[in-house]
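Each value in this text was obtained by applying a stated rule to the coordinates, not by laboratory testing. The model shown is predicted, which means the values in this text are computed figures rather than measured ones. Methodologically, a virtual Cβ is constructed for each residue, glycine included, from the backbone with ideal geometry; neighbour enumeration extends over all protein chains shown.
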Amino acid sequence: MILKAEKLSKEFIRETKNTNRFCAVQETDFVLESGSFAVLTGRSGSGKSTFLHMLSGLMTPTSGRVLIDDKDIYQLPDQELSRFRNQHIGVIPQGQTALHSLTVLENICLPYTLYGEEAHETEALALLEKLEIAHLKTALPAELSGGELRRMAIARAFLRKPELILADEPTSDLDDQNTEIVFQFLRQAAQDGAAVFAVTHETNAAQYADRLFRMNAGQLQG
Amino acid sequence: MKISSALPLRNLRGNPVRTAILIFLTAILSLMIFGGTLMITSLKTGLHSLESRLGADIMVVPYEAATKSNLETIVLQGATGYFYMDEAKYQKIASTEGIGQISAQFFLASASSGCCSLSVQIIGFDPDTDFTITPWIKKSYGQTLQKYDIIVGNDLNAFVGDTLIFYGVECRVAAKLDKTGTSFDTAVFTNQETIKALIQSSLDKNMNEFKNINPDKVVSCVLINAAEGYTVEDVLNDINLHVKKVKAVRTKDMISGISDSLAGVSDIISILIIVVWIAGMLILLLAFAMSISQRKKEFAVLRVIGASQNQLAGIVMQEALLLCLAGSLMGAVLGLLILLPFQQVIEEFLNLPFLLPSAVQIAGYVLAAVILTILTGCIAVSVSAFRISRIDTALILRGDT
């Protein structure tokens, strides 16, 4: 898989001194190939998450294209893009992202069960074991700590063994030990052939990454 | 099974308080739609039943005993009372031109004291000429009534084979009538032979207001259908003009008051249904909007995992469907629990004929109320479903941080 961003930019309508438009991401070209782990750092509000959301097909860019294997994902109808994201992209969003009426195991199996496929519970349980939350498989999200919920979201994104993994602050609620586990996870996914892109504030993420980028006031550097 | 199919139910079970409130709201809506419709239909069925039970174009009664209101209280409202006129009047009326069918009836009110089992209106008819009572009595009793046989109205606490005593005379209950929703439900019917014997007995016991009557020489009222080629108006005017000391009344006029009251009550109920429906729609719209807004993060997560806009809308619509199904069934059952046992209380309170339609019709109204409530809920939730399907996933996910 090759992920390409061509002249990708995003502007929001917001009153500033001279204009009512705010440029979150300036025109950017970006390429990420299978087996590569790229890390993006930068200050809060610099446009990191916006960039990641555009890559994941969740935020329509103001200009430019996002190509996955030469397929312009924003030209796909919603149903097709959604199914494509379900099958090929593992997104780890910011914050707590559990469905509260489902158990931990059901939450993790969602990428499969959402479209009526077999749940793949064995693989899900194996991921829970690796992330050290297997004992919580029947618990409801309300019973979990912030860190446990993050690990649950990571397991969910990994379950389908996606070709592209996009992680937005995947270690924000985790202790050092679990942070290391998660980055090893992402590193391993890249070694297994996935294209991995992580947005993070963790300074030690660099040691796991193949490529390091920095977002500075909407400008991608690196 | 797709989790997106199970998710709506899981979401509802996951928040029982929110679910209970929404079910309660839809139940109220369904109760009003079903209960209101059933009320209006029962009133109309009652009026129709009364019209068909009266079954004659004209009723002729003794003038002095028959101001219109007196007549209505006895015939229409179930009050007990009686009056008589000479049988000669009957003969005179019968000779009027334009009469197609004619039959006399005999009234007697039983007393509430020891001589009588029940205080009821007793109506006697002539089986040879009767054309109003016999047709619907036949549905409950196909045989000829023997002397001292009576047929009791549906609301009376007497059953076939029971013996009731009126002025010391033992009468056998030969049949019990189906419910009519009218004053006839509290009346007793018998043939003229029996009622004349009862009138005589009331005279013998000095319990009849009329002291010097000969039961064989009097009638209480005369029922008439105009012959073909004659208008009711012609026959009615002819009787009032040529037969002294009687009053001929058009039966349709007698029930016009009831008809007007019914129209008034129906209008009020119809307005109430519309008001509650609009209010219910708005409340549900807000309730669904609030409920879904609280969970927009969850919907954003589903988008991240790969749910399409249609899937999100489908989940929301299914939730509304389940809620409205449960609520509408509850409302309809509640309506049945209120209206079925208390129909007599409602009839007495409204002072109008009130007859529930058939079970099949009621089932139809339940179905209609359920469908209408579900439709209302679906319309109310469609705004939220559309909005949630177009959510800006990235913005919601960022808003959490």
Check: Reachable aspartates and glutamates from B:Lys205, Cα under 18 Å, same-chain residues fewer than 8 places away excluded?
Finding: B:Glu170, B:Asp216
Next item on the list: Based on alpha-carbon positions alone, could you give the equivalent ellipsoid semi-axes of segment B:246-401 from the gyration tensor, as √(5λ), descending, whole Å?
Entry: 49, 15, 12
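Using the reciprocal of the averaged 1/r over all distinct C-alpha pairs, how large is the Kirkwood radius of segment B:310-401 in Å?
Details: mean 1/r = 0.0621 Å⁻¹.
One decimal place: 16.1 Å for the Kirkwood radius.
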Notebook entry, point to check: Of all chymotrypsin sites (Phe, Trp or Tyr not before Pro) in segment B:154-248, which ones are in loop regions per DSSP and have a Cβ with at most 15 other Cβ atoms within 10 Å?
Noted result: B:Phe159, B:Phe210
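For A:Ser172 and B:Ser382, what is the calculated FRET efficiency with R₀ set at 30 Å and r taken between the beta-carbons, to the nearest 0.05? Let's see the in-between values first.
On the way: r = 37 Å, r/R0 = 1.23.
Efficiency computed from Cβ-Cβ geometry: 0.20.
How many times 2.2 N^0.38 Å is the alpha carbon radius of gyration of segment A:141-222?
Scaled against compact globular proteins, the figure is 1.12.
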Notebook entry, point to check: Can you give the helix-only mean residue ellipticity at 222 nm for chain B, where every DSSP H stretch with n ≥ 4 adds -39500 (n - 2.57) and the sum goes over all residues, rounded to the nearest 500 deg cm²/dmol?
Noted result: -18500 deg cm²/dmol
Checklist line | Label point distance in nm, B:Arg250-B:Ala363, each placed 7 Å from Cα along Cα→Cβ | finding: 4.2 nm
Notebook entry, point to check: Could you state the number of Å between the C-alpha centres of segment B:236-301 and segment A:160-199?
Noted result: 65 Å
Check: Just for the Cα atoms in segment B:153-268, what are the lengths along the principal axes, largest first, rounded to whole Å?
Finding: 44, 43, 28
Checklist line | Stokes-Einstein D for segment B:77-251, Kirkwood Rh over Cα pairs, 10 °C, 1.306 mPa s (µm²/s) | finding: 94 µm²/s
Checklist line | Label-to-label distance, nm, for residues given as A:Lys161 and B:Arg390 (7 Å Cα→Cβ offset) | finding: 4.1 nm
Check: Given the Cα-Cα distance of A:His100 and A:Glu117 and 0.36 nm per residue of separation, how much length would full extension add, in nm?
Finding: 4.0 nm
Check: So, how do all the Cα-to-Cα distances of segment B:108-164 break down into 10 Å bins, in percent, from 0 on up?
Finding: 18, 54, 26, 2
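Taking 2.2 N^0.38 Å as the expected size of a compact globular protein, what ratio does the Cα radius of gyration of segment A:97-160 give against it, to two decimals? Intermediate results must be reported in sequence, preceding the final value.
Numbers: Rg = 10.3 Å, N = 64, 2.2 N^0.38 = 10.7 Å.
Rg over 2.2 N^0.38 Å, computed on Cα atoms: 0.96.
What FRET efficiency, computed as 1/(1 + (r/R0)^6) with R0 = 41 Å and r the Cβ-Cβ distance, is obtained for B:Asn206 and B:Asp162, rounded to the nearest 0.05?
Numbers: r = 27 Å, r/R0 = 0.66.
About 0.90, to the nearest 0.05.
Greater than 23 Å separation of Cα atoms is the criterion. Which listed pairs, B:Lys44/B:Lys179; B:Lys147/B:Lys245; B:Lys138/B:Lys179; A:Lys130/B:Lys296; B:Lys147/B:Lys176, meet it?
Details: B:Lys44/B:Lys179 15 Å; B:Lys147/B:Lys245 32 Å; B:Lys138/B:Lys179 14 Å; A:Lys130/B:Lys296 30 Å; B:Lys147/B:Lys176 17 Å.
The pairs that break the limit, which is 23 Å between Cα atoms, are B:Lys147/B:Lys245; A:Lys130/B:Lys296.
Nothing charged except the Cβ atoms of Lys and Arg (+1) and of Asp and Glu (-1): what's the magnitude of the dipole of segment B:107-253 about its Cα centre? Round to the nearest 20 debye. Walk me through the numbers before you get to the answer.
On the way: 15 positive and 18 negative charges, 56 e Å.
Once rounded to the nearest 20, the dipole reads 280 debye.
How much net charge surrounds B:Leu118 when only the other residues with a Cβ under 14 Å from the Cβ of B:Leu118 are counted, with Lys and Arg +1 and Asp and Glu -1? Each step should come with its number before you reach the end.
Numbers: positive: B:Lys176; negative: B:Asp155, B:Asp162, B:Glu170, B:Asp185.
Net charge in that neighbourhood comes out at -3.
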Item checked: Calculated [θ] (222 nm, deg cm²/dmol) that DSSP helices of n ≥ 4 give over chain A, each run adding -39,500 (n - 2.57) -> -9500 deg cm²/dmol
Margin query: As an exercise, take the mean of 1/r over every pair of distinct alpha carbons in the protein assembly as shown, invert it, and state the Kirkwood radius in angstroms.
Written below: 31.0 Å
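How big is the shadow of the Cα convex hull of chain A, averaged over all directions, in nm²? Before the final figure, lay out each step's value.
Working: hull surface 49.6 nm².
Result: 12.4 nm².
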Checklist line | Model label zone, A:Ile2; criterion: amide N under 12 Å from point 7 Å along Cα-to-beta-carbon; scope segment A:58-86 | finding: A:67-71
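Just tell me the longest site-free run in chain A, where the sites are GluC sites (Glu not before Pro) in a DSSP loop having at most 11 other beta-carbon atoms within 10 Å. Can you show the working numbers first?
On the way: sites that count: A:Glu15, A:Glu118.
The longest such stretch corresponds to A:119-222.
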Check: Of the beta bridges DSSP finds with both residues in the protein assembly as shown, what % are antiparallel, to the nearest 5?
Finding: 65 percent
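Just need the relative contact order of chain B here, percent rounded to a whole number, with Cα pairs under 8 Å and 6+ apart. List each step's numbers first, then the result.
Details: 649 pairs, mean separation 117.3, N = 401.
Over chain B, the number comes to 29 percent.
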Notebook entry, point to check: Considering only segment A:2-221, what is the antiparallel percent among its DSSP beta bridges, to the nearest 5?
Noted result: 50 percent
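Considering only the other residues whose Cβ falls under 12 Å of the Cβ of B:Gly161, what net charge follows from Lys and Arg at +1 and Asp and Glu at -1? Could the numbers behind the result be given before it?
Details: positive: B:Arg172, B:Lys176; negative: B:Asp149, B:Asp162.
So the surrounding residues net to 0.
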Next item on the list: Any chance you could tell me what percent of the C-alpha pair distances in segment B:253-325 go past 16 Å?
Entry: 66 percent
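Taking 0.36 nm per residue of sequence separation and subtracting the Cα-Cα distance, how much length would be gained by fully extending the chain between B:Ser95 and B:Arg10, in nm to one decimal? Could the numbers behind the result be given before it?
On the way: separation 85, 0.36 × 85 = 30.60 nm, distance 7.98 nm.
Gain on extension, B:Ser95 to B:Arg10, equals 22.6 nm.
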Note to self: What does the extension gain come out to for B:Ile278 and B:Phe24, with contour length at 0.36 nm per residue minus their alpha carbon separation?
What the structure shows: 89.8 nm
Next item on the list: Please report, in debye to the nearest 20, how large the charge dipole of chain A is about its Cα centre when each Lys and Arg carries +1 at its beta carbon and each Asp and Glu carries -1 there.
Entry: 740 debye
Note to self: Can you compute the modelled spin-label distance between A:Asn20 and A:Ala134, with each label point 7 Å from Cα toward Cβ, in nm?
What the structure shows: 5.8 nm
Margin query: If you consider only alpha-carbon coordinates, what radius of gyration and Dmax does chain B have, in Å?
Written below: 30.4, 100
Item checked: For B:Val120, residues with placed amide H under 5 Å, excluding near neighbours -> B:Ser110
Note to self: Suppose a student asked you for the relative contact order of segment A:2-221, using Cα pairs under 8 Å spaced at least 6 residues apart; what percent would you report?
What the structure shows: 31 percent
